[in-house]
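*Asks:* Got a structure for you, written out below as structure tokens; questions coming shortly.
The values are calculated or read from the model by the stated rules, or taken from the named source; none is laboratory data. Since we're looking at a predicted model, the values are computed, not measured. In this analysis, Cβ positions are derived from the backbone assuming ideal geometry, glycine residues included, and neighbour counts consider all displayed protein chains. Note: areas computed on protein heavy atoms with side chains; ligands, DNA, RNA excluded. Shrake-Rupley method; radii C 1.70, N 1.55, O 1.52, S 1.80 Å.
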Amino acid sequence: MLKKTISWALVGAFAWVWWWAGHRWEYLNTSGNQWFSVYDLFTLISVVVLLRSPRVAASGMFGALTGTVQKFLPNLLWLALAVIVARLVNWLLFGVVNPVDHFTHAVVAVVVAGFTTSLWFGAIANADDS
């Protein structure tokens with residue numbers, strides 16, 4: 001019961017960090033830089049990746065949480081590649097405004113979305129009774 005309580009408390013804390021980073025962090029959300037839609041899209045993609053991954057064999061109080069995050073980390077590179085290709089397609093269709101700035105913001109949005117998603121997803125997995 002203690003493990004479940006702590007895990008769900010962590011879900012709440014990690015969910016707040018996820019929300020703040022994607023919707024309130026000034027780096028991603030200033031006038032002219034509204035990356036929350038990219039952030040939300042790659043959160044959904046991260047959830048699909050996490051759901052398709054085999055469950056982590058875990059032991060200890062935080063085993064499923066740390067195992068989920070560790071197993072997800074290599075996917076951040078692939079998520080970054082996906083957003084870079086998405087930005088290239090956007091530029092081919094609509095032109096280039098500031099390529100370095102857009103690449104940087106896009107990659108940061110995706111990496112933070114993926115990492116924070118793996119945190120709250122791992123905390124939910126850690127709360128499982130089995």
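*Asks:* Going from most exposed to least, what order do Phe94, Phe62, Phe42, Phe14 have by accessible area with a 1.4 Å probe? Mind showing how you got there, number by number?
*Replies:* Working: Phe94 160, Phe62 85, Phe42 10, Phe14 40 Å².
Descending accessible area places them as Phe94, Phe62, Phe14, Phe42.
*Asks:* OK, next. Take the Cβ-Cβ distance between Thr5 and Val47 as r, set R0 to 22 Å, and report the resulting FRET efficiency rounded to the nearest 0.05.
*Replies:* My answer for the efficiency is 0.40.
*Asks:* For the stretch 1-89, what class follows from the C-alpha gyration tensor (a ≥ b ≥ c being the square roots of its eigenvalues): rounded when a/c is under 1.5, otherwise prolate if a/b is larger than b/c, else oblate? Let's see the in-between values first.
*Replies:* Details: a/c = 3.25, a/b = 1.51, b/c = 2.15.
Oblate, since a/c reaches 1.5 and b/c is not below a/b.
*Asks:* With a/c under 1.5 counting as rounded, go ahead and sort the stretch 49-105 into rounded, prolate or oblate using the C-alpha gyration tensor (a ≥ b ≥ c being the square roots of the eigenvalues; past the cut-off, prolate if a/b is larger than b/c, else oblate).
*Replies:* It is prolate, given that a/c is not under 1.5 and a/b is the larger ratio.
*Asks:* Moving on. Once phi is turned into ³J(HN,Hα) by the Karplus curve 6.51 cos²θ - 1.76 cosθ + 1.60 with θ = phi - 60°, what whole-Hz value does each residue of the stretch 64-71 show in order, with x for glycine and proline?
*Replies:* The phi angles translate into 5, 5, 5, x, 4, 5, 4, 5 Hz.
*Asks:* Given Ala13, Gly60, Val107, which one lies farthest toward the positive end of the charge dipole of the chain, if we put +1 on the Cβ of every Lys and Arg and -1 on the Cβ of every Asp and Glu?
*Replies:* The Cα lying farthest towards the positive end belongs to Gly60.
*Asks:* Of the candidates Val100, Val56, Val111, which one comes out as most mobile in a Gaussian network treatment of the chain with C-alpha springs shorter than 10 Å?
*Replies:* Fluctuation is largest for Val100.
*Asks:* Once neighbouring chains are kept in place and the probe is 1.4 Å, which whole percent of the accessible area of the chain is contributed by carbon and sulfur?
*Replies:* 72
*Asks:* Give a residue-ordered list of calculated ³J(HN,Hα) values for the stretch 12-25 (Karplus: 6.51 cos²θ - 1.76 cosθ + 1.60, θ = phi - 60°; whole Hz; x for Gly, Pro).
*Replies:* x, 5, 5, 5, 5, 4, 4, 4, 4, 4, x, 10, 10, 4
*Asks:* Amide H of Trp25 versus every other amide H placed in the peptide plane: which residues, excluding those fewer than 5 positions away on the same chain, fall under 5 Å?
*Replies:* Residues meeting the criterion, in which the H sits 1.01 Å from N, do not exist here.
*Asks:* Charges at C-beta only: +1 for Lys and Arg, -1 for Asp and Glu. How large is the resulting dipole of the chain about its Cα centre, in Debye rounded to 20?
*Replies:* Result for the chain is approximately 260 debye, rounded to the nearest 20.
*Asks:* Which residue fluctuates the most in the chain, going by a Gaussian network model with Cα springs under 10 Å, if the choices are Thr117, Thr66, Thr43?
*Replies:* Thr66
*Asks:* Right, something else. How much mean residue ellipticity at 222 nm does the chain get from its helices, if each DSSP H run of length 4 or more adds -39500 (n - 2.57) and you divide by all residues, to the nearest 500 deg cm²/dmol?
*Replies:* Working: 5 runs with 97 residues, N = 130.
Result for the chain: -25500 deg cm²/dmol, rounded to the nearest 500.
*Asks:* Can you list the HN-Hα couplings for the stretch 78-91, worked out from phi with the Karplus curve (6.51, -1.76, 1.60; θ = phi - 60°), rounded to whole Hz and with x for Gly and Pro?
*Replies:* These are the phi-based 3J(HN,Hα) values: 5, 5, 4, 4, 4, 6, 5, 5, 4, 5, 4, 4, 4, 5 Hz.
*Asks:* Roughly what angle does helix 36-52 make with the longest principal axis of the chain, taking Cα atoms, 0 to 90 degrees, to the nearest 10?
*Replies:* With both axes taken from Cα atoms, the answer is about 40 degrees.
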